[in-house]
Amino acid sequence: MSRAAAAASSEIGAFVERRDWFDRPSVTVARDLLGMWLVHDRAQGRIAGRIVEVEAYQGPEDLAAHSARGRTARNEVMFGRPGHLYVYLIYGLHHCANVVCGPGDKPEAVLLRAAAIGPGVELARMARGDVAPTRLAAGPGNLGAAFGIDRRLNGADLVAGPVRLAAGPRPSRIARTPRVGVAYAGRWARRPLRFVIPDDPHRSRP
DNA sequence: CTTATGATTAGA
DNA sequence: CTAATCATAAGA
């Protein structure tokens with residue numbers, strides 16, 4: 001990779017500053033999130049990575065969405081204003097990070113499933129241990145671990161930070177597949193609501 | 001109170 | 001293929 005290309009790929013664009021950017025259906029936000037930067041500013045430094053894989057979870061009618069089983073203490077944030085982080089613990093050990101979307105009061109969200117870590121690689125490695133760079137944030141549990149996102153950040157404002165989103169290079173192509181791990185959701189399990197950059201080495205699976 | 005299970009992962 | 005591991009939600 002040339003010096004110019006390397007510089008370009010590590011360039012973080014403008015942060016999302018308008019809440020209404022998030023106030024859209026999860027499918028729309030999900031597509032837009034691919035290629036964008038996820039940035040976490042911490043005392044130790046900044047961890048940033050480009051999002052390469054996401055899943056859309058639609059409102060109450062989507063049987064795979066947490067919000068389909070009513071409002072509870074856990075999914076409270078999904079029912080709140082768009083532009084916040086919904087973080088929950090899964091299988092007793094993995095933290096999954098979601099972007100709360102709209103439109104309006106509709107409790108939709110986008111699960112962040114994989115990212116290519118750019119600036120802050122060493123910090124991410126410290127948090128994750130010694131793993132291959134392409135696997136650092138591949139899979140929702142790994143992404144949470146790599147970015148240092150846990151339940152303390154549940155409800156965090158994505159406009160205010162410390163976790164924010166910024167413009168990045170748009171992918172030339174976007175692939176759609178069914179979502180992972182939601183076989184119980186009947187028809188909704190088969191819907192193509194997973195969005196991924198085809199053949200990206202940082203994605204969690206084909 | 002008890003109990004089943006999950007938007008997962010690593011390892012055999 | 002399965003164990004790990006616990007917050008959550010649902011049921012008694």
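Since every read-out is calculated from the coordinates, none of them should be taken as a lab result. Since the model is a prediction, treat every value here as computed from it, not as a measurement. Heads up, the Cβs are rebuilt from the backbone with ideal geometry, glycines too, and the neighbour counts pull from every protein chain shown.
Miscellaneous remarks
- The relative contact order of chain A, computed from alpha carbon pairs under 8 Å that lie at least 6 residues apart in sequence, is 27 percent.
- Shape of segment A:154-206, Cα gyration tensor, a/c cut at 1.5: oblate
- Cα shape, segment A:63-149, gyration tensor, a/c 1.5 rule: prolate
- Largest to smallest principal axis extent of the C-alpha atoms in segment A:4-118, angstrom: 49, 32, 24
- Near-label residues of segment A:53-67 by backbone N, under 20 Å of a point 7 Å along Cα→Cβ of A:Thr28: A:54-62
- Label-to-label distance for A:Asp105 and A:Ser172 is 4.6 nm, based on points extended 7 Å past Cα in the beta-carbon direction.
- Karplus (6.51, -1.76, 1.60) ³J(HN,Hα), θ = phi - 60°, over segment A:190-197, in Hz, Gly and Pro reported as x: 8, 5, x, 10, 9, 10, 9, 7
- Calculated [θ] (222 nm, deg cm²/dmol) that DSSP helices of n ≥ 4 give over chain A, each run adding -39,500 (n - 2.57): -4000 deg cm²/dmol
- Segment A:69-97 and segment A:113-160 have their alpha-carbon centroids 17 Å apart.
- Relative packing of A:56-69, A:106-119, A:179-192, A:15-28, which averages over residues the other C-beta atoms within 10 Å, highest first: A:106-119, A:56-69, A:15-28, A:179-192
- Added length on full extension, which subtracts the Cα-Cα distance from 0.36 nm per residue, A:Trp21 to A:His94: 23.5 nm
- Rounded if a/c under 1.5, otherwise prolate or oblate - segment A:49-198, Cα gyration tensor axes: prolate
- Taking other Cβ atoms within 10 Å as a rough exposure proxy, A:Arg194, A:Arg71 sort from fewest to most as A:Arg71, A:Arg194.
- Spacing of the modelled spin labels on A:Ala43 and A:Asp130, each 7 Å from Cα toward Cβ, amounts to 2.8 nm.
- Rounded to whole Hz, the Karplus (6.51, -1.76, 1.60) HN-Hα couplings of segment A:111-128, x for glycine and proline: 7, 7, 9, 6, 8, 9, 5, x, x, x, 4, 5, 4, 5, 5, 4, 6, 9
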